[in-house]
1. Fully extended, how many nm does the chain gain between THR125 and ALA59 (0.36 nm per residue separation, minus their Cα-Cα distance)?
2. Using a basic spin-label model with each label point 7 Å from the Cα along Cα→Cβ, how many nm lie between GLU8 and LEU188?
3. Sequence gap at least 6, Cα distance under 8 Å: using those rules, report the relative contact order of the chain to the nearest whole percent.
4. Quick check on packing: order 96-107, 78-89 by the mean number of other C-beta atoms within 10 Å, highest mean leading.
5. Could you tell me which of CYS241, ASN315, SER223 has its Cα farthest along the dipole of segment 188-335 towards the positive end, charges placed at Cβ (Lys, Arg +1; Asp, Glu -1), taken about the Cα centre?
6. Run the quick spin-label model on ARG295 and LYS167: label points 7 Å from Cα toward the beta carbon, then report their separation in nm to one decimal.
7. Which length gain, in nm to one decimal place, applies between TRP218 and ALA266 when the Cα-Cα distance is subtracted from 0.36 nm times their residue separation?
8. Using R₀ = 41 Å, calculate the FRET efficiency as 1/(1 + (r/R₀)^6) where r is the Cβ-Cβ separation of SER250 and GLU88; round to 0.05.
Amino acid sequence: MSWIRERELSLVERLTANILKAGPMPKHVAFIMDGNRRYAQKTHVERQEGHSQGFEKLAETLRWCLNLGIHEVTVYAFSIENFKRSKEEVDGLMELARQKFSRLLTEQENLEKHGVCIRVLGDLTLLPEDLQQVIAKAVVSTRAHNKCFLNVCFAYTSRHEIANAVKEMAWGVEQGLIKSSDVSEVLLSECLYSSNSPNPDLLIRTSGEVRLSDFLLWQTSYSCLVFQSVLWPEYSFWNLCEAVLQYQLSHQSLQKAQELHREGQALQQMEADRTCVAELLQHRGNGKPMDAQSRQKALLNYTANREERVRCFLNALQHKRDTFFNDLCSQAVVA
């Protein structure tokens, strides 16, 4: 099964899509693709076949999203917690991933045509080395594409991601790239695996479970959450439309909450900068009070320097991550 399915919408589906697109549309949708095992049990097929059907549904859903003008999708493909499942099922999932990412490498022309960028978010070091290499080749080969984005969360949990972001900031401080006073909520967001993407506007979980299962906990604080009872392999275009409609109904309140949060972050950062400048002036001062204009100039200089430090740190962090994937690709070529 191809990662990109070419089938167009039916007339009724196109009409529905056009009606929906008259309202506010989510730009980024995240899916917890739950229900593959229950689908296998329901249809009396092997568990592995249920997972395979789930991938086919993903390819179909990506096409629906593109037809609706949704150009970024994030999916929960494999949780770190899934390693606790039986060895047979875990091995089967690893093999399915090998097959699908290897297939992706044969579809370069189609991926380039649609401008699809594949990102894999998670701790790849937990995966078999050959799978790491195949994934890295898929990521690097589509890195320059920028029309639509598929983020595959593999060997992922949100708590692991947040802990890793804290480690990245600690690395930045140790390397002298940033100061401990530069650490903030905004900077932590920039250190997450998902830092190259906007936060999801809409998160959908199938199968009737009403929980996030450690998926994008940080990123979905101000997202519309929709829980649907359908099993993932049975997901339909109409299920997606229903979720988008729920997003539209809550759009105004979500926007207001997001704006208030951004304003709060800006005020927190300004207050933190003022505190740092006051401490610096006190340390350097000669006992004479500084006028308001001089204090404002010192604040502007400090803010500019902090922003430059953070920019250089984030560039170094991106370079480190790119090098990780490039090195895995090189190992694959040598092998």
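1. 21.1 nm
2. Between GLU8 and LEU188, the simple spin-label model gives 4.9 nm.
3. Relative contact order of the chain: 22 percent.
4. 96-107, 78-89
5. Selected residue: ASN315.
6. The answer from the label model is 4.3 nm.
7. Difference between extended and current length: 15.5 nm.
8. FRET efficiency, SER250 to GLU88: 0.45.
The values are calculated or read from the model by the stated rules, or taken from the named source; none is laboratory data. Source: prediction; values computed, not measured. Cβ sites come from the backbone with ideal geometry, for glycine too, and all protein chains shown count toward neighbours. Ligands, DNA and RNA are stripped out before the accessible areas are found, and what is left, the full protein with its side chains, is counted by its heavy atoms. Shrake-Rupley method; radii C 1.70, N 1.55, O 1.52, S 1.80 Å.
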